[in-house]
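Data first, discussion second: the structure below is written as structure tokens.
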Amino acid sequence: MELRPVAGVRREKGSRVEGCGKLELQLRVTKGRIAGCRIYGDFFGSRDSAEVEQALLGCPLEETAVEKALEPLPVGEYFHNLTREKLTELLVR
């Protein structure tokens, strides 16, 4: 999925997480909600990160809302040694 910053803001972040690897995050935010999300990088995981991206679509870009969207997902299976709280922090801040 190509992200185009048409009617919103595009945010790109990169971070190296100890024990996990490097995560690159691309978010397209429209009216305060995540309208597009791509997570890629050099990290280990046993599940497809596209499931996390899908879960975040439409979610307000606020800490509690992102945590709630990620709650049913086993984040550590998508990104080894990464907690839900740390992923939320990387996305929101």
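The values are calculated or read from the model by the stated rules, or taken from the named source; none is laboratory data. Values in this document were obtained by computation on a predicted structure and should not be read as measured data. All Cβ positions, even for glycine, are placed from backbone atoms using ideal geometry, and neighbour counts span all protein chains on display. Note: accessible area is taken over every heavy atom of the protein model, side chains too, but ligands, DNA and RNA are not part of it. Shrake-Rupley method; radii C 1.70, N 1.55, O 1.52, S 1.80 Å.
Can you find even one residue in the range 60-69 that is under 12 Å from the mean Cα position of the chain (by Cα), among the polar types (S, T, N, Q) and at pLDDT 95 or above?
Checked against the condition, which is being under 12 Å from the mean Cα position of the chain (by Cα), among the polar types (S, T, N, Q) and at pLDDT 95 or above, the range 60-69 yields no hits at all.
Among the residues of the range 71-86, which ones are over 14 Å from Ala50 (Cα atoms) and in contact (Cβ under 8 Å) with a residue 24 or more places away in the chain?
His80, Asn81, Leu82, Lys86
Quickly run through the range 28-56 and pick out the residues that are over 15 Å from Arg11 (Cβ atoms) and either assigned to a loop (DSSP other than H, G, I, E, B) or open to solvent by 50 Å² or more (accessible area, probe 1.4 Å) (or both).
Keep residues of the range 28-56 that are over 15 Å from Arg11 (Cβ atoms), which gives 41-52, 54-55.
Correct list: Asp42, Phe44, Gly45, Ser46, Arg47, Asp48, Ser49, Glu51, Gln54.
In the list Lys13, Lys68, Lys22, which residue meets the criterion of being of a type outside the set (Phe, Trp, Tyr) and open to solvent by less than 50 Å² (accessible area, probe 1.4 Å)?
Values: Lys68 fails: open to solvent by less than 50 Å² (accessible area, probe 1.4 Å); Lys22 fails: open to solvent by less than 50 Å² (accessible area, probe 1.4 Å).
When all the criteria are applied, what remains is Lys13.
If you go through the range 7-27 one residue at a time, how many are more than 14 Å from Glu77 (Cα to Cα) and outside any strand (DSSP E or B)? Before the answer, list the steps.
Within the range 7-27, the subset more than 14 Å from Glu77 (Cα to Cα) is 7-18, 22-27.
After this cut, where a residue has to be outside any strand (DSSP E or B) as well, the list is 7-8, 18.
Number of matching residues: 3.
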